[in-house]
1. Using +1 on the beta carbon of Lys and Arg, -1 on that of Asp and Glu, and nothing else charged, what's the dipole of region 287-433 about the Cα centre, debye to 20?
2. Among residues other than Arg178 whose Cβ falls under 13 Å from its Cβ, what is the net charge (Lys/Arg +1, Asp/Glu -1)?
3. Can you give the net charge of the other residues whose Cβ lies under 10 Å from the Cβ of Thr131, counting K and R as +1 and D and E as -1?
4. Please compute the Cα-Cα pair-distance distribution of region 168-219 with 10 Å bins starting at 0, giving whole percents from short to long.
5. Computed FRET efficiency, Cβ-Cβ of Ala161 and Leu383, R0 51 Å: what is it to the nearest 0.05?
6. Is there a pair in Lys316/Lys382; Lys202/Lys328; Lys181/Lys316; Lys181/Lys328 whose C-alpha atoms are over 29 Å apart, and which pairs would that be?
7. Determine the distance separating the Cα centre of region 89-111 from the Cα centre of region 158-173; give it in Å without decimals.
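Computed from the coordinates by the stated procedures, all read-outs in this text should not be read as laboratory data. All values reported here derive from a predicted model rather than from experimental measurement. For neighbour counting, all protein chains shown are included, and Cβ atoms are generated from backbone atoms with ideal geometry for every residue, glycine included.
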Amino acid sequence: MRLFPRTLLWRTFMLVAALMLLSVLAWFYIFTTYEREPRARQLSQMVVSIVNLTRTALVAARPESRVELLRELSEREGIHIYPAEADDRIEPLPQRAFLHRVEELLQEQLGPETRVTLEREGEQGLFISFTIEDEAYWVALPRERLERHLPAQWLGWGAAALVLSLAGAWLIMFRVTRPLKALERAAAEIGRGRRPEPVAEKGPEEICTLARNFNQMNTDLARLDEDRALILAGISHDLRTPLTRLRMGIEMSGADEAAQQEMNTDIEEMDRSIGQFLDFARADGGEPPEAIDLATLLDDLAEPYQRRGNDVTVSKLGVPPRLTLRPKATRRAIGNLIDNALRHAGADKPVVLKLTTAAGKAVIEVCDRGPGIPPAEVERLKLPFTRLQAARTGAIGAGLGLAIVDRIARSQGGTFDLLPRDGGGLIARITLPVR
């Protein structure tokens, strides 16, 4: 499970979203910092006014009317007056810069002996001490006058603005990364040996330039493949004609049969090498895909070898439905693997063709009992013109057989793997998607 996304779209979106959230928090901190002083002065001025008015009203009122005055202040304004005692239990102010600033301002205006607390004798409120003729009192105000309440609609509008900003950021990044995603898919098609459709050249100038250069590269690669196929076809024609004349000349030369056989063997090897060059150049031969039955195809491939006396058997487990593939290219790839197995393991050793279906894929395996291939050499042997010098000796040809198989498998959306076989030998596996 990945906690952090790997795509450019979501990585950039999360980075932009984080920056936006940090920006909102920073602005909120700046606002509260600069808003603290005016609010503290406003609150302290209100408290001073209440204290002074309360003191004046109590001093000016007749003694018999003071009780009625205190009751009226409590009922109408929520202001309570208590006598202050030396042993009053009061809690110190919380560690909030705003409250301590209010206390400082009150002490500046009411006197340094003024005390401020939020809890007295277990009662909650804003308590401020003051004196009347050397007698100390507490004036208590409701806590609501101290707290700041943000209207619910402010929070709603703020959340809506944040959501819209994030949606806009995601839309911007989606428009930027969508052309890159199209380029990624087109590059994957080229990697599988196919020729994708041109990528749309629209969007920002940098994306347009990238798409234009990619399309030009795609066109150049396609032209290069066509030129290569044309050149190799011409070479094949030019070389096979003199090879035919050489074969006829050998037969008419009157040389002994052993010498003729050796020369014919060399000519056949040259002809096979030319055929490998042609197979590698065309890969799919330009043929269109069609629905084929892999089980029947494997039986048809094994039959000629069985007639020649080779031990080639076919095993089919969970036979897949008909697959849409290029028949000649697929036949050529499996035929190359059978030839390799017989050449390196020995014509008298058994070769097994296995066909299975697993996880929505058709798996074709050509299993032999030859010397095998070291795992470190597997990827190298899929490259053109490479051979294994130590493990599978006696190699002949141009070194293109496995490269042809790999290219054909990738061009049809599949994979090609070379695996060690239990008990010795090699498993050449082609995995194709079931479509």
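1. Details: 21 positive and 16 negative charges, 45 e Å.
With Lys and Arg at +1 and Asp and Glu at -1, about 220 debye.
2. On the way: positive: Arg175, Lys181, Arg185, Lys202; negative: Glu184.
Once positives and negatives cancel, what remains is +3.
3. Numbers: positive: Arg55; negative: Glu113, Glu133, Asp134, Glu135.
Residues near Thr131 contribute -3 overall.
4. 26, 51, 20, 3
5. Calculated transfer efficiency: 0.35.
6. Lys202/Lys328; Lys181/Lys316; Lys181/Lys328
7. If we compute the Cα centre of each part, the gap is 42 Å.
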